[in-house]
Structures are given as C-alpha cells and as structure tokens.
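Only one structure is covered here, and it is reproduced in the block below.
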Amino acid sequence: MTAPFFETMPRIIGHRGAKGLAPENTLASFKVAANAGAKSIEIDVTVTRDNNAIIHHDSNVTRCTNGQGPILLKSLEQVRALDAGSWFSAQYTGEKIPTLSEALLSVKQLGMSLNLEVKPTKGWQVPTAELVGRQLQKELQEDFPILLSSFSIEALATIGKIVPNVPLGYLTEAIPPDWEKRMQDAGAASFHCQGEFVTKDIVLAVQKAGFKFLVYTVNDPEYAKQLLNWNVDAIITDYPDILLPLCEG
C-alpha cells in the first residue's frame with residue numbers, strides 16, 4: 001500500500017511539525033519544519049464526535065486553541081471554528097486544526113515522510129484506530145512513506161489489520177521489562193522511548209531483536225549527540241533547525 005518508511009527515515013524528525021517554532025500539529029508547523037530542512041515529521045491524529053479524523057495531540061482543545069472541552073464531544077464543524085494558532089503567537093492567529101486528509105496532502109507536497117501517532121481518547125482506542133485505518137486505506141498513495149505509532153497496543157493491533165503493509169511503532173515512556181512481548185503483541189517494527197529513559201544497552205538490545213529505536217522528545221544538542229553516538233535510528237525534536245546540523249557532514 002505504501003513505500004517503506006524506514007528506507008528514507010532521517011535521523012532527525014520534527015515533533016508535531018516543528019513544535020518549538022510554530023503552533024504544533026498545524027499546517028503552518030509542517031511548513032516551518034520543512035523550511036528548517038526536516039525530511040520527516042511526527043504528528044498526532046484523533047477523532048471528533050461525528051467520526052472525522054483530525055490532527056491534534058490532546059484529548060481536549062483547551063491548551064492549543066481558543067476553545068475548551070473534549071474533542072470527542074465536538075463536531076468537525078465546531079473544531080474547525082477554533083483558532084489553533086494565536087495561543088502560540090499573534091503571527092499564527094486564525095490557524096486551524098487540520099483534518100487528516102489535509103495533513104496527508106500537505107506533508108506529501110512538502111516532500112516529507114510521516115510518523116502519524118494514533119492518539120485516542122482513553123476508552124476510544126479501537127474506534128479511533130478503525131476510523132483512521134479505514135481513511136488511510138482509501139487515501140494513502142503508493143509512494144508516500146508513513147509510520148503509524150501509538151502508546152496503545154490495542155490501537156496498533158487494530159489498525160495493523162486494516163493497513164497491514166504500513167509499519168507500526170510502539171510508544172512508551174519508561175522501558176517496560178516485557179518490551180519485546182509488547183512489540184510482538186502490537187505487531188510493531190519500531191520502539192519509541194522517552195529520552196530520559198534511554199541507555200546504550202537498551203538501544204543495542206532493541207536493535208539486536210530486529211527493531212528500530214526512536215527517541216522523543218530531545219531538544220538538547222549535547223544529549224542528541226550522545227544518542228546519535230549510541231546509534232539510535234532517529235530522534236524526534238521540537239527544534240529540527242537546531243538538531244539537523246548534527247547530522248551534516
């Protein structure tokens with residue numbers, strides 16, 4: 001269905017576009033990431049009350065818009081009426097929460113690959129994964145490299161059945177003792193760990209088991225250098241403009 005993500009995956013990936021430089025998970029943030037030189041970004045997908053897939057991290061709109069309340073209780077029309085940019089700076093006033101369709105088109109046009117994190121409201125893991133999976137089944141183009149990730153094994157297992165040719169990534173904060181079983185249960189090809197919990201030994205162990213190792217969210221260049229020296233496969237950062245030069249030359 002889609003080109004393998006890992007064949008073109010860069011070692012630096014923009015977080016929610018370029019979260020430190022523009023309002024996260026907006027089309028503006030995707031463009032800023034691309035302009036900074038990013039070849040891949042990570043963004044979040046969730047669903048509205050009327051079963052529309054949108055790009056947003058939190059389960060409610062309070063932090064990143066001029067609205068409030070759970071997304072799962074709002075229609076697409078209500079979500080689209082919100083200002084998702086002015087909270088970041090006046091420059092982005094009027095920026096909208098994108099739909100999944102808009103995000104896929106934007107990322108493709110910008111020439112980047114995509115790590116799409118399935119971010120269900122708790123209790124809504126399966127319906128979210130099913131809806132996103134069905135939309136990807138219809139809209140993904142053959143030459144578009146994409147990786148689907150989630151903290152929810154249930155969501156990964158569900159969406160993996162709908163789009164079986166798309167690689168999956170398992171997200172965790174701390175590293176669970178049974179990480180290999182969780183990877184197998186999720187059908188995951190990559191392991192995504194919070195930066196503070198990474199050790200050289202776990203990187204080696206995960207890669208030896210045949211999985212890619214991605215680290216989030218790393219903004220300190222010195223720590224990023226250490227992780228790159230440990231040979232992590234990719235680092236997800238709010239500031240691709242700062243970390244990208246570490247991989248040049």
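Taking the listed residues Ala174, Ala188, the one that is buried (at least 21 other Cβ atoms within 10 Å of the Cβ) and either at pLDDT below 95 or in contact with a helix residue (DSSP H, G or I) (Cβ under 8 Å, 6 or more places away or on another chain) (or both) is Ala188, with no other qualifying. Of the residues screened, Val107 is one that is under 18 Å from Ala234 (Cβ atoms), part of a helix (DSSP H, G or I) and among the β-branched types (Val, Ile, Thr). Applying the condition of being outside any strand (DSSP E or B) and surrounded by 23 or more Cβ atoms within 10 Å (Cβ to Cβ) to segment 113-126 and asking which residue is farthest from the chain's Cα centre (by Cα) yields Pro120. Taken residue by residue, segment 220-227 has no member that is closer than 22 Å to His15 by Cβ, of a type in the set (S, T, N, Q) and touching a Lys or Arg at 6+ places or on another chain (Cβ under 7 Å).
Scoring Pro10 on the criteria (1) surrounded by fewer than 20 Cβ atoms within 10 Å (Cβ to Cβ); (2) over 16 Å from the mean Cα position of the chain (by Cα); (3) not basic (Lys, Arg) leaves a single failure, condition (2).
Just one of Ser89, Ser101, Ser59, Ser40 is buried (at least 23 other Cβ atoms within 10 Å of the Cβ), small (Gly, Ala, Ser) and either under 20 Å from Thr158 (Cβ atoms) or at pLDDT 95 or above (or both); which is it? First the steps, then the outcome.
On the way: Ser89 fails: buried (at least 23 other Cβ atoms within 10 Å of the Cβ); Ser101 fails: buried (at least 23 other Cβ atoms within 10 Å of the Cβ); Ser59 fails: buried (at least 23 other Cβ atoms within 10 Å of the Cβ).
On inspection, the qualifying residue turns out to be Ser40.
For the structure I just gave you, tell me whether Ala129 is closer than 26 Å to Ile12 by Cα, crowded, with 22+ Cβ neighbours inside 10 Å and out of contact with any Asp or Glu (no Cβ under 6 Å at 6 or more places or on another chain). Talk me through it step by step, then tell me what you get.
Working: closer than 26 Å to Ile12 by Cα: no; crowded, with 22+ Cβ neighbours inside 10 Å: yes; out of contact with any Asp or Glu (no Cβ under 6 Å at 6 or more places or on another chain): yes.
No.
For segment 178-206, a residue qualifies if it is of a type in the set (Asp, Glu) and touching a residue at least 12 places away in the same chain (Cβ under 8 Å), and the qualifying residues are Glu180, Asp185.
I'd like the residue in segment 62-78 that is of a type in the set (A, V, I, L, M) and surrounded by 16 or more Cβ atoms within 10 Å (Cβ to Cβ) and, out of all such residues, is nearest to Tyr216 (Cα to Cα). Please lay out each step first, then the result.
Applying the first criterion (of a type in the set (A, V, I, L, M)) to segment 62-78 yields 71-73, 76.
Those left that are additionally surrounded by 16 or more Cβ atoms within 10 Å (Cβ to Cβ): 71-72, 76.
Values: Ile71: 25, Leu72: 26, Leu76: 29 Å.
That would be Ile71.
Exactly one residue among Thr99, Thr62, Thr48, Thr8 is out of contact with any Asp or Glu (no Cβ under 6 Å at 6 or more places or on another chain), farther than 21 Å from Gly133 by Cα, without any contact (Cβ under 8 Å) to a residue 60 or more places away in the chain and hydroxyl-bearing (Ser, Thr, Tyr), and that residue is Thr62.
The values are calculated or read from the model by the stated rules, or taken from the named source; none is laboratory data. As the structure is a prediction and not an experimental result, all values here were calculated from the model. Glycine also receives a Cβ, built like all others from the backbone with ideal geometry; neighbour counts cover every protein chain displayed.
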